[in-house]
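Here is the structure we will look at.
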Ligand code: SF4
């Protein structure tokens, strides 16, 4: 019944999503998968997209101590890094030479990263280093957590920070730091991080100012199906608000980021009790996310860094229509012990998509087709 209504175009409720997420019978799970696959086909067709991009994590020095994070370091700890502007430029130059249309940039919350005592001035210089040399590259940069950090350090509003970064050349905002939008769980996962309401406020402010964002969910840790459903509901409402208010920007895509615990701090790692994501759980959540969000957020992407390319390719049959980026390098998940690797060539993504007899297509960050012919 729930699946029939979804196929007829109805939005399912969070309670119905919980029912779907609790299914374990193989026949029922297969029905959920095939419903998600048919909805994906109806909503976005068979084509699978990918983007040629480079990840640049400019520092891992961070004031916070999220319980899932294997990336952060104190400034004087072994393994701490903070790239010079020249290094950021060199990485961008190499990415452009390899055909990248996007630089994806995020980093730790580094209190020393200031120019004339201004955090915003430092971030703007990072942006200008890239955009001043490569104005054509799309800069997908700085999570809502980084926006909140800059606003706090410089005594600015979120809108002022977003507008200033936009003025310097940031093109869109990664919807990371959402983790799970439940403040009780956030107290365990990331007690120092912005709360759910602030994450939603910053993303909505970005939409109102014409900055597109992505959206994410950190899954497979201590959350339960009702937390997952409530998270999806908040993302759907956020997108509906942007559409109803006729904001100039929206959420472009939804990405599930399964928890990788191998090198994560011990307390959470022991509590979760495993090091790598469970693919079956991730696939069911992927399908339910398509059914729940697809009418509003049509692009769904698995994380090949966390699932491996084979797992991510499988997710294309569970509601996903995009394989993400080539990345060229990745530190945050790889330092957590992920086995997916840090770089894929476009040909590897194309071959994975072709193995499902689906056509592939390069896209840009905002899902416009890239065609060099
Ligand atoms: S997840 Fe981000 S904010 Fe949290 S500790 Fe790691 S780098 Fe810092």
Classified through the alpha carbon gyration tensor (a ≥ b ≥ c as square roots of its eigenvalues; rounded if a/c is under 1.5, else prolate when a/b is larger than b/c, else oblate), region 1-106 comes out oblate
Contact order relative to length for region 97-246, counting C-alpha pairs under 8 Å separated by 6 or more residues, stands in percent at 22
Based on other C-beta atoms within 10 Å, arrange 320, 190 from fewest to most.
190, 320
As an exercise, take the mean of 1/r over every pair of distinct alpha carbons in the chain, invert it, and state the Kirkwood radius in angstroms.
20.8
Can you tell me the orientation of helix 158-168 relative to the chain, as the angle in degrees between its alpha-carbon axis and the longest Cα principal axis, to the nearest 10?
70
Enter the angle in degrees (range 0 to 90, nearest 10) between the Cα long axis of helix 225-244 and the first principal axis of the Cα atoms of the chain, meaning the one along which they spread out most.
70
Kindly rank 48-57, 166-175 from highest to lowest mean number of other beta carbons found within 10 Å of each residue.
48-57, 166-175
Whole angstrom only: what separates the Cα centroid of region 118-181 from the Cα centroid of region 321-373?
24
Rounded to the angstrom and largest first, Cα extents along the principal axes for region 116-162 equal 31, 23, 14
For helix 304-315, report the angle its Cα long axis makes with the longest principal axis of the Cα atoms of the chain; keep it between 0 and 90° and round to the nearest 10°.
30
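Read-outs: derived from the displayed coordinates by stated rules, not from any lab. Please read all numbers here as calculations on a predicted model, not as lab measurements. Using ideal geometry, Cβ is built from the backbone for each residue, glycine included, and neighbour counts are taken over all protein chains shown.
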